[in-house]
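Read through the structure below, which is laid out as structure tokens, and then see the notes.
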Amino acid sequence: MRRILVGYDGSEAADHALGRAVELARVFDCPLTVLTAAVDRFVREDGVVTPAVDEERGQATAEQGALRARELGVRDVEVRLSLEAPDDALVLAAGEGYDLVVVGHRGLGALQELFLGSTAKAVVDRVQCSVLVVR
């Protein structure tokens, strides 16, 4: 394991995913990238458009995840913000040489609906590296 990418939206599920990603980064002594997707709008399956998430809030969320990773002992932590949809953001980033993508099963926290179960499935179906879905 040389590089790990974790999707982080500040939710409880994302916290669990971050915790597992931190454990693995420490064991393998490898860099960890914390990625938050901040989209202009998100259309749910039922057609409802959720409120926009701005870049500033997304950046703050990613920084919060990175700070937690550093507090838990990961020395090399990168913060990334994407304006893509969460699944697209993770898939695009994963294509940059990551060995593992870690995602939460359901993200229903501060950046509501950014990392849902459907995002985890989309990532699993589309990336070339291993994916760990954390419940």
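Throughout, read-outs are computed from the coordinates displayed, never taken from laboratory work. Only a predicted model underlies this, so the values are computations on that prediction, with no experimental measurement involved. Positions of Cβ are generated from backbone atoms using ideal geometry, with glycine treated the same way; all protein chains shown enter the neighbour counts.
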Nonlocal amide H pairs with Val102, under 5 Å, H built at 1.01 Å: Leu5, Val6, Gly7, Leu132
Amide proton proximity set for Glu78, modelled H, under 5 Å, gap of 5+: Leu32, Thr33, Val34
Karplus 3J(HN,Hα) series, Hz, for segment 23-38 with 6.51 cos²θ - 1.76 cosθ + 1.60 (x for Gly, Pro): 3, 5, 4, 5, 4, 8, 6, 10, x, 10, 10, 9, 10, 10, 9, 10
Amide hydrogen neighbours beyond the local backbone of Glu84, cut-off 5 Å, H modeled: Ala38
Nitroxide proxy distance, nm - points 7 Å out along Cα→Cβ at Glu84 and Glu63: 2.4 nm
Net +/- balance of residues flanking Ala93 in space, Cβ distance below 13 Å, scoring K and R +1, D and E -1: -3
